[in-house]
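*Asks:* Below is a structure I'd like to ask you about.
The values are calculated or read from the model by the stated rules, or taken from the named source; none is laboratory data. Quantities reported herein were computed from a predicted structural model and do not represent experimental measurements. All Cβ positions, glycine included, derive from the backbone under ideal geometry; neighbour counts span all protein chains shown.
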Amino acid sequence: MKDQNKIIIIIVIIGIIITLSLLYLIPQDFVKPELHQDELSGAIIYATGEFQSGDHPTSGTAQILEVNNTFVLRFENFKTDDGPGLYVYLSRDTEATDFISLGELKAIEGNMNYNINTEIELNEYKNVLVWCEPFSVLFGYAQLDFII
């Protein structure tokens with residue numbers, strides 16, 4: 001009887017592993033595929049940088065814009081791979097050891113805006129990261145060059 005119970009437990013465990021593996025392989029959208037938010041009129045470019053690929057192909061431009069005494073991070077012509085738990089960080093490095101989260105990535109392609117808290121010392125955060133929180137993976141990054 002004990003051997004029969006062990007066999008049943010092993011079969012159940014194998015079934016769970018196979019099911020989870022198949023769920024991972026089935027394509028699914030974790031992040032909205034595309035978004036095109038309007039440009040901000042009257043914006044002054046404060047900083048800009050081109051996205052570089054991390055562990056996933058990533059391209060486009062990141063800009064910090066000043067609009068009516070507030071700051072906005074804007075992605076232009078942005079594109080990256082889809083993935084679970086993708087977030088946008090302002091970071092002091094590309095390893096996400098010291099960062100400020102601006103929230104979840106809004107889309108994997110397009111133009112989008114993220115509000116930045118006005119109390120942040122922007123000059124201290126020279127990198128924009130697209131970071132996968134569940135797996136601690138850098139999808140892509142832009143090193144910012146401050147103009148003002």
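*Asks:* Could you look through region 67-77, keep only residues that are polar (S, T, N, Q) and out of contact with any strand residue (DSSP E or B) (no Cβ under 6 Å at 6 or more places or on another chain), and pick out the one that is surrounded by the most Cβ atoms within 10 Å (Cβ to Cβ)?
*Replies:* Selected residue: Thr70.
*Asks:* Something else: Right, Ile64: under 12 Å from the mean Cα position of the chain (by Cα) and either surrounded by 20 or more Cβ atoms within 10 Å (Cβ to Cβ) or without any contact (Cβ under 8 Å) to a residue 60 or more places away in the chain (or both) or not?
*Replies:* When the stated conditions are applied, Ile64 does not pass them.
*Asks:* Out of Thr94, Thr80, I need the residue that is surrounded by 21 or more Cβ atoms within 10 Å (Cβ to Cβ), of a type in the set (Ser, Thr, Tyr) and at pLDDT 95 or above. Which one?
*Replies:* Checking each option against the conditions leaves just Thr80.
*Asks:* Let me ask something else. Can you find a residue that is closer than 24 Å to Glu124 by Cα, in a strand (DSSP E or B), out of contact with any helix residue (DSSP H, G or I) (no Cβ under 8 Å at 6 or more places or on another chain) and not charged (D, E, K, R) anywhere in region 32-43?
*Replies:* no
*Asks:* Let me ask something additional. Among the residues of region 102-111 satisfying the criterion of being in contact with an Asp or Glu (Cβ under 9 Å, 6 or more places away or on another chain) and not charged (D, E, K, R), which is nearest to Ala43 (Cα to Cα)?
*Replies:* Asn111
*Asks:* What's the total number of residues in region 117-142 that are exposed (fewer than 14 other Cβ atoms within 10 Å of the Cβ) and closer than 26 Å to Val67 by Cα?
*Replies:* Adding up the residues that qualify gives 7.
*Asks:* Mind listing whichever residues of region 103-116 are in a strand (DSSP E or B), out of contact with any Ser or Thr (no Cβ under 9 Å at 6 or more places or on another chain) and buried (at least 18 other Cβ atoms within 10 Å of the Cβ)?
*Replies:* Correct list: Gly110, Asn111, Met112, Asn113, Tyr114.
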